[in-house]
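A short write-up of the structure that comes next.
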Amino acid sequence: MTKIQKRVITGVILCIVIGILISRTVKPSNILVVEDVITGKQTEIAVPSNTFVLGYIHSVLLTPAEEYFFIDEQQQLNLQKTIYESFGVGLPYSQDQDWEFEIVDGKFILYVDRTMDVINMVISPIPDHWIEAEGEIYKLIDLVSEPEDAIKIYAKKSYIFGL
């Protein structure tokens, strides 16, 4: 076997090994995108579990509220439940649908079934908005260029590197 043949075989084997490594470590995943509508700045959050929580402190009642979402195969955001501690402006106080409701440890849990393509909101430092995904908390005020910028939150399919 000539030197050139050995190099070609080594190169082919190296390409195969690299291809196997890439195929085992790069996986499709849903990505949550937080986009500053004013500047176009985007923050991408990997969500391989397809679940995330959008939370905030209610600006009048100063109690936490959390909305639990699931990202479906069409990258739509499915609101599954809302957990909050008090009734007031902006918080559910009656059922528009035949959704289940319970009180657990002093918290109100409203089980809902609402699907949306995008969440539009304005970020204010007062309500302390955040997203929790994969055990990490992202403060939305840190993801915008200026306080009170409008944002939109949506999901897209992408690939992530993971071992």
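Taken over the stretch 41-64, residues that are within 27 Å of Ser29 (Cα to Cα), in a strand (DSSP E or B) and free of Cβ contacts under 8 Å to residues at least 40 places away in the same chain amount to 1.
Where in the stretch 99-161 are there strands (runs of 3 or more DSSP E), lying fully within it, with 1 or more residues that are among the small types (Gly, Ala, Ser) and over 14 Å from the mean Cα position of the chain (by Cα)? Per the criteria, 150-161. Return a yes/no flag: does the stretch 97-106 have any residue that is among the aliphatic types (A, V, I, L, M) and at pLDDT 85 or above. No, there is no match, as no residue in the stretch 97-106 is among the aliphatic types (A, V, I, L, M) and at pLDDT 85 or above.
I'd like to check something: does the stretch 45-65 contain any residue that is under 15 Å from Ser145 (Cα atoms) and either surrounded by 17 or more Cβ atoms within 10 Å (Cβ to Cβ) or more than 12 Å from the chain's Cα centre (by Cα) (or both)? Within the stretch 45-65, none of the residues are under 15 Å from Ser145 (Cα atoms) and either surrounded by 17 or more Cβ atoms within 10 Å (Cβ to Cβ) or more than 12 Å from the chain's Cα centre (by Cα) (or both).
For beta carbons closer than 6 Å, sequence separation of 6+ or different chains, a first residue in the stretch 139-160 that is within 16 Å of Tyr56 (Cα to Cα) and a second that is among the aromatic types (Phe, Trp, Tyr), the qualifying pairs are Lys139/Trp130. Candidates Ser29, Ser86: the one that is surrounded by 15 or more Cβ atoms within 10 Å (Cβ to Cβ), modelled with pLDDT of 80 or more and either small (Gly, Ala, Ser) or more than 26 Å from Trp130 (Cβ to Cβ) (or both) is Ser29.
The values are calculated or read from the model by the stated rules, or taken from the named source; none is laboratory data. Note that the structure is a prediction, hence the values are computed from the model and not measured. Glycine also receives a Cβ, built like all others from the backbone with ideal geometry; neighbour counts cover every protein chain displayed.
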